[in-house]
Amino acid sequence: MSTTVVSPSSLALQTIEQTSINTIRTLSIDGVQAANSGHPGTPMALAPVAYCLWQRFLRFDPADPVWPNRDRFVLSIGHASMLLYSLLHLTKVRAVSKDYETLGEVSVPLDAIKAFRQLDSRCPGHPEYRWTSGVETTTGPLGQGVATSVGIAIARKWLTARYNRPGFEDLFNFNVYAFCGDGCMMEGISGEAASLAGHLQLSNLCWIYDNNHITIEGNTSLTFTEDVATRFLGYGWNVTRVGDANDLEMLSRAFRTFHSTKDRPTLIIVDSHIGYGAPHKQDTSGAHGEPLGEEEVRLAKRNYGWPEDKKFYVPDGVYDHFRQGIGKRGKELRDAWFARISKYRKQYPELAEELFRMQHRQLPDGWDRDLPEFPADPKGLATRESSGKVLNAVAKHIPWLIGGSADLGPSTKTRITEEGAGDFSVENYAGRNFHFGIREHAMGAILNGLSLVKVRPFGSGFFIFVDYMRGSMRLSALMELPVIYVFTHDSIGVREDGPTHQPIEHLAHMRSMPGLIVIRPADANEVREAWKVVLQLHHEPAVLVLTRQAVPTIDRTKYAPASGAARGAYILADAPDADPEVILIGTGSEVALCLEAYERLKKEGVRARVVSMPCWELFDDQDRDYREAVLPPHVKARVSVEEASDFGWTKYTGAEGHNICIESFGASAPLKQLLKKFGFSAEKIVAAAKSQIAKHQA
Ligand SMILES: Cc1ncc(C[n+]2csc(CCOP(=O)(O)OP(=O)(O)O)c2C)c(N)n1
Ligand SMILES: [Mg+2]
């Protein structure tokens with residue numbers, strides 16, 4: 001194995017650029033070594049690439065890392081987190097509060113790097129948005145970062161089209177850079193996202209591919225021999241190469257090529273040597289995911305012309321160098337931008353106000369003034385239909401509520417029909433209706449990217465296809481992004497499409513995800529309440545689970561108002577004196593069945609209560625008094641009714657309760673046959689209620 005010597009010259013003879021690059025390398029090495037875990041090799045290799053981008057090009061003000069028009073840097077290779085932490089530290093990026101106020105202290109002090117991967121350190125194993133200021137998105141699951149970067153780039157195009165006005169053509173003009181590796185390139189999501197980025201000609205997007213031929217199991221010759229350049233040319237990208245990751249001038253040329261390419265995204269393929277400078281580990285998978293070891297660290301430092309015994313060493317002049325480069329440039333750009341925006345506010349007060357509210361995750365005044373009330377109707381309408389109506393009633397008042405579907409818009413009813421809403425496309429980057437194509441996983445990541453720029457995104461599809469986007473949805477939840485997922489076709493109610501399209505375990509699966517709000521409304525008025533709740537969320541993604549088929553619109557003069565849905569669960573119909581013998585708990589399309597059963601039981605003198613429970617998470621958040629008023633602990637006779645797996649339901653019915661559910665895959669048939677086969681009828685509920693009463697009296 002050949003080892004290139006990075007810098008034969010001693011520190012005193014190195015240029016400040018070289019010293020700065022080596023500081024990034026050695027901080028990364030020392031962080032990993034101290035943690036005794038982590039990934040040193042890639043930061044060592046990419047230090048010059050990151051240096052070149054940040055110091056020479058990135059329009060980013062370390063003193064204000066949330067300035068809206070900053071360039072975004074995404075480290076899609078999240079395992080190389082020390083690269084980012086070193087940059088954040090050396091450029092002295094400031095910490096930002098949850099309310100987006102810049103605080104005095106630095107985001108990543110040297111002590112945080114020394115505590116890399118330790119509990120509560122600002123330097124966790126993988127970069128975490130919201131935890132470490134300057135981290136633009138959480139990365140770690142390979143491919144997510146690059147796909148998210150597409151969403152960020154799309155958001156920028158949308159902001160530009162809507163808010164840049166004569167005299168303010170540069171209000172939004174930021175670029176998005178993402179570092180990715182072989183793993184990102186192998187993951188399917190990068191293909192989905194790159195395909196859409198090419199189609200949309202996202203000229204503000206630049207991916208830097210670390211072509212080091214190494215992954216965990218060894219050389220990429222094991223698994224990955226495709227021609228990445230040709231692949232991206234096929235997607236419609238501009239592709240350029242840098243044959244040596246250490247060549248700052250070649251790198252600069254590549255970034256300038258990106259800047260001058262106005263009609264497509266750019267991929268820069270950079271050949272690098274993982275573990276650069278470590279004599280026994282360079283170019284091996286051994287440099288990927290474990291500390292170099294004390295001896296190898298010494299040898300690497302010797303190769304860098306570094307004092308071998310010094311740890312976490314930042315030589316004189318390095319901080320200052322970054323301050324004079326990215327720091328000075330960033331501050332000037334940032335200050336100029338804020339000066340511009342105050343002029344903009346005078347000239348375009350309404351647009352400026354929109355921007356302010358959007359950037360603070362607020363809603364416009366009166367956003368809910370046209371929310372529809374749906375009259376009682378035994379035939380009713382599908383909750384996807386009512387959702388479409390509610391969406392349109394709010395969309396006209398929230399201009400930055402934008403989104404679409406993975407090619408199922410006509411089915412999910414998520415089109416914004418208002419005149420002028422338009423379709424987002426190369427011809428119209430101001431369009432509000434998005435077409436993600438049949439790319440669910442990328443859609444999820446793109447929604448995250450949009451939300452990171454603080455527009456309010458929604459995405460839709462068939463509920464079954466959450467299977468294809470869970471990885472992205474989990475990051476919405478982890479990042480606390482208020483992304484809205486609209487999923488329709490929520491049960492065997494999809495009928496003849498059969499088991500491939502009938503969700504069974506999906507509700508349980510979504511409900512088990514921390515931080516995700518899952519709402520399955522029973523009728524049109526609960527749909528309205530659900531949207532109302534969801535739109536007011538700031539830190540939680542939400543999933544609306546909606547029917548394909550019509551469900552009755554419940555008579556609210558006879559039963560309780562739908563406003564109870566906002567509390568997650570509420571008493572819809574009750575026994576005399578609020579003293580039930582049995583509680584029927586339903587969600588979505590099954591609530592109507594529960595009401596039917598309730599009426600029959602009532603006729604027979606059985607005291608039943610119906611609880612509509614559209615959202616577990618919201619209900620669990622209520623105080624104990626409310627929860628116990630809805631589900632009194634002494635009433636043990638309980639029946640849940642949901643056309644899905646009963647996984648988790650015993651939490652509400654108790655182990656001795658009864659769960660009417662589906663424990664197998666569905667089947668392809670007309671709905672009547674399916675309801676019979678799977679036992680969803682008022683008779684079955686009545687029978688279960690009676691046997692519950694008998695059981696708990698015994
Ligand atoms: C979706 C996903 N699968 C697997 C992993 C585990 N993993 C972390 S790094 C890595 C290898 C990545 O190789 P590459 O992208 O070439 O990075 P390099 O080793 O060159 O830094 C793997 C498999 C992951 N983080 N995400
Ligand atoms: Mg690699």
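The values are calculated or read from the model by the stated rules, or taken from the named source; none is laboratory data. Since we're looking at a predicted model, the values are computed, not measured. Every residue, glycine among them, receives a Cβ derived from its backbone with ideal geometry; neighbour counts consider all protein chains shown.
Would you please list the contacts, defined by Cβ atoms under 6 Å and residues six or more apart or on different chains, that run from a residue in the stretch 481-499 that is within 17 Å of SER451 (Cβ to Cβ) to a residue that is assigned to a helix (DSSP H, G or I) and modelled with pLDDT of 95 or more?
Filtered contacts from the stretch 481-499: LEU481/ASN448; LEU481/SER451; VAL483/LEU447; VAL483/SER451; VAL483/SER476; ILE484/VAL534; VAL486/THR412.
Give me the residue from the stretch 194-217 that is within 16 Å of ligand 2 (Cβ to nearest atom) and assigned to a loop (DSSP other than H, G, I, E, B) and, out of that set, surrounded by the most Cβ atoms within 10 Å (Cβ to Cβ). Explain how you work it out, then say what you get.
So in the stretch 194-217, the residues within 16 Å of ligand 2 (Cβ to nearest atom) come out as 207-217.
Now restrict to residues that are assigned to a loop (DSSP other than H, G, I, E, B): 212-213, 216-217.
Working: ASN212: 25, HIS213: 16, ILE216: 11, GLU217: 10.
Once the filter is applied, the top-ranked residue is ASN212.
Given ASP271, ASP263, which one is among the charged types (D, E, K, R) and either under 19 Å from TYR51 (Cβ atoms) or within 15 Å of ligand 1 (Cβ to nearest atom) (or both)?
Numbers: ASP263 fails: either under 19 Å from TYR51 (Cβ atoms) or within 15 Å of ligand 1 (Cβ to nearest atom) (or both).
Criteria check complete, one pass: ASP271.
So which residues in the stretch 681-697 are small (Gly, Ala, Ser), more than 43 Å from the chain's Cα centre (by Cα) and under 16 Å from ALA655 (Cβ atoms)?
The first filter runs over the stretch 681-697 and keeps only residues small (Gly, Ala, Ser), leaving 681-682, 687-689, 691, 694.
Filter once more, keeping what is more than 43 Å from the chain's Cα centre (by Cα): 687, 691, 694.
Selection gives SER691 alone.
Please find, within the stretch 172-185, the residue that is farthest from ligand 1 (Cβ to nearest atom) out of those that are more than 18 Å from ASN428 (Cα to Cα) and either outside any strand (DSSP E or B) or of a type in the set (Asp, Glu) (or both).
Looking only at the stretch 172-185, we keep the residues that are more than 18 Å from ASN428 (Cα to Cα), and these are 174-185.
Next, only the ones that are either outside any strand (DSSP E or B) or of a type in the set (Asp, Glu) (or both) stay: 174-175, 181-185.
Values: PHE174: 26, ASN175: 23, GLY181: 3, ASP182: 3, GLY183: 3, CYS184: 6, MET185: 8 Å.
Per the criteria, the residue is PHE174.
Within the stretch 229-238, is there a residue that is of a type in the set (Val, Ile, Thr) and under 27 Å from GLY286 (Cβ atoms)? Before the answer, list the steps.
We begin by selecting, within the stretch 229-238, every residue of a type in the set (Val, Ile, Thr); these are 230.
Now drop any that are not under 27 Å from GLY286 (Cβ atoms), which leaves none.
Within the stretch 229-238 (the criterion being of a type in the set (Val, Ile, Thr) and under 27 Å from GLY286 (Cβ atoms)), the answer is no, since none of the residues qualifies.
Check off (1) in a helix (DSSP H, G or I); (2) touching a residue at least 60 places away in the same chain (Cβ under 8 Å); (3) buried (at least 24 other Cβ atoms within 10 Å of the Cβ) for PHE116 and give me the number that stays unchecked.
Only one criterion is unmet by PHE116, namely (1).
Please work out if GLY366 is within 16 Å of ligand 1 (Cβ to nearest atom), small (Gly, Ala, Ser) and in a loop (DSSP other than H, G, I, E, B).
Details: within 16 Å of ligand 1 (Cβ to nearest atom): no; small (Gly, Ala, Ser): yes; in a loop (DSSP other than H, G, I, E, B): yes.
Answer is no for this residue.
Considering every residue within the stretch 162-175, establish whether at least one is in contact (Cβ under 8 Å) with a residue 24 or more places away in the chain, within 16 Å of ligand 2 (Cβ to nearest atom) and hydroxyl-bearing (Ser, Thr, Tyr). Walk me through it before giving the result.
Initially, the stretch 162-175 is screened for residues in contact (Cβ under 8 Å) with a residue 24 or more places away in the chain, giving 162-163, 165, 167-168, 170-175.
In the following step, the residues that additionally are within 16 Å of ligand 2 (Cβ to nearest atom) were identified as none.
Within the stretch 162-175, not a single residue is in contact (Cβ under 8 Å) with a residue 24 or more places away in the chain, within 16 Å of ligand 2 (Cβ to nearest atom) and hydroxyl-bearing (Ser, Thr, Tyr).
Consider ILE154 carefully, then state whether it is closer than 26 Å to TYR85 by Cα and either within 16 Å of ligand 2 (Cβ to nearest atom) or under 20 Å from the mean Cα position of the chain (by Cα) (or both).
Working: closer than 26 Å to TYR85 by Cα: no; either within 16 Å of ligand 2 (Cβ to nearest atom) or under 20 Å from the mean Cα position of the chain (by Cα) (or both): yes.
Answer is no for this residue.
Residues that are surrounded by 15 or more Cβ atoms within 10 Å (Cβ to Cβ), aromatic (Phe, Trp, Tyr) and over 22 Å from the mean Cα position of the chain (by Cα): does the stretch 355-377 have at least one?
Taking every residue of the stretch 355-377 in turn, at least one turns out to be surrounded by 15 or more Cβ atoms within 10 Å (Cβ to Cβ), aromatic (Phe, Trp, Tyr) and over 22 Å from the mean Cα position of the chain (by Cα).
Going by what's in this entry, would THR91 be described as surrounded by 17 or more Cβ atoms within 10 Å (Cβ to Cβ) and touching a residue at least 60 places away in the same chain (Cβ under 8 Å)?
On the way: surrounded by 17 or more Cβ atoms within 10 Å (Cβ to Cβ): yes; touching a residue at least 60 places away in the same chain (Cβ under 8 Å): yes.
Taking the combined requirement at face value, the residue satisfies it.
I need a count of the residues in the stretch 34-56 that are part of a helix (DSSP H, G or I) and surrounded by fewer than 21 Cβ atoms within 10 Å (Cβ to Cβ).
Going residue by residue through the stretch 34-56, those that are part of a helix (DSSP H, G or I) are 34-35, 41-56.
With the extra rule that they be surrounded by fewer than 21 Cβ atoms within 10 Å (Cβ to Cβ), the set shrinks to 34-35, 56.
Within the stretch 34-56, residues that are part of a helix (DSSP H, G or I) and surrounded by fewer than 21 Cβ atoms within 10 Å (Cβ to Cβ) number 3.
Are any residues in the stretch 305-322 over 21 Å from ALA278 (Cα atoms) and crowded, with 17+ Cβ neighbours inside 10 Å, and if so, which ones?
In the first step, residues of the stretch 305-322 are kept if they are over 21 Å from ALA278 (Cα atoms); the result is 316-322.
Selection gives VAL318, TYR319, HIS321, PHE322.
Residue-wise test of (1) surrounded by 16 or more Cβ atoms within 10 Å (Cβ to Cβ); (2) of a type outside the set (Gly, Ala, Ser); (3) within 16 Å of ligand 2 (Cβ to nearest atom); (4) in a loop (DSSP other than H, G, I, E, B).
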| position | (1), (2), (3), (4) |
| --- | --- |
| ARG231 | yes, yes, no, no |
| ALA245 | yes, no, yes, yes |
| MET250 | yes, yes, no, no |
| THR257 | no, yes, no, no |
| ILE268 | yes, yes, yes, no |
| GLN282 | yes, yes, yes, yes |
| PRO291 | yes, yes, no, yes |
| GLU295 | no, yes, no, no |
| GLN324 | no, yes, no, no |
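Condition first: under 23 Å from LYS262 (Cα atoms), out of contact with any Lys or Arg (no Cβ under 6 Å at 6 or more places or on another chain) and away from ligand 1 (no atom under 14 Å from the Cβ). Now tell me which residues in the stretch 197-233 satisfy that. Reasoning before the result, please.
Residues of the stretch 197-233 under 23 Å from LYS262 (Cα atoms): 197-209, 228-233.
Okay, now just the ones that are also out of contact with any Lys or Arg (no Cβ under 6 Å at 6 or more places or on another chain), so 197-200, 202, 205-209, 228-233.
Correct list: ALA197, GLY198, HIS199, LEU200, LEU202, LEU205, CYS206, ALA229, THR230, ARG231, PHE232, LEU233.
Right, LEU142: within 16 Å of ligand 1 (Cβ to nearest atom), assigned to a loop (DSSP other than H, G, I, E, B) and crowded, with 20+ Cβ neighbours inside 10 Å or not? Quick ask: steps written out before the conclusion?
Working: within 16 Å of ligand 1 (Cβ to nearest atom): yes; assigned to a loop (DSSP other than H, G, I, E, B): yes; crowded, with 20+ Cβ neighbours inside 10 Å: yes.
Yes: the conditions hold for LEU142.
Under 8 Å between Cβ atoms, which residue pairs at least 6 apart in sequence (or on different chains) link something in the stretch 235-252 that is closer than 24 Å to LEU196 by Cβ with a partner that is surrounded by fewer than 19 Cβ atoms within 10 Å (Cβ to Cβ) and among the charged types (D, E, K, R)?
Pairs that qualify, where the first residue is closer than 24 Å to LEU196 by Cβ and the partner is surrounded by fewer than 19 Cβ atoms within 10 Å (Cβ to Cβ) and among the charged types (D, E, K, R), are ARG241/ASP271.
Out of SER221, SER190, report the one residue that is of a type in the set (S, T, N, Q) and either away from ligand 2 (no atom under 16 Å from the Cβ) or touching a His at 6+ places or on another chain (Cβ under 9 Å) (or both).
Within the list SER221, SER190, the selection yields SER221.
I'd like the full set of residues that are touching a Lys or Arg at 6+ places or on another chain (Cβ under 9 Å), surrounded by 24 or more Cβ atoms within 10 Å (Cβ to Cβ) and in a helix (DSSP H, G or I), limited to the stretch 450-480.
Across the stretch 450-480, the qualifying residue is only LEU450.
Of the numbered conditions (1) part of a loop (DSSP other than H, G, I, E, B); (2) within 16 Å of ligand 2 (Cβ to nearest atom), PRO65 fails exactly one; give the number of that condition.
Just one mismatch for PRO65, condition (2).
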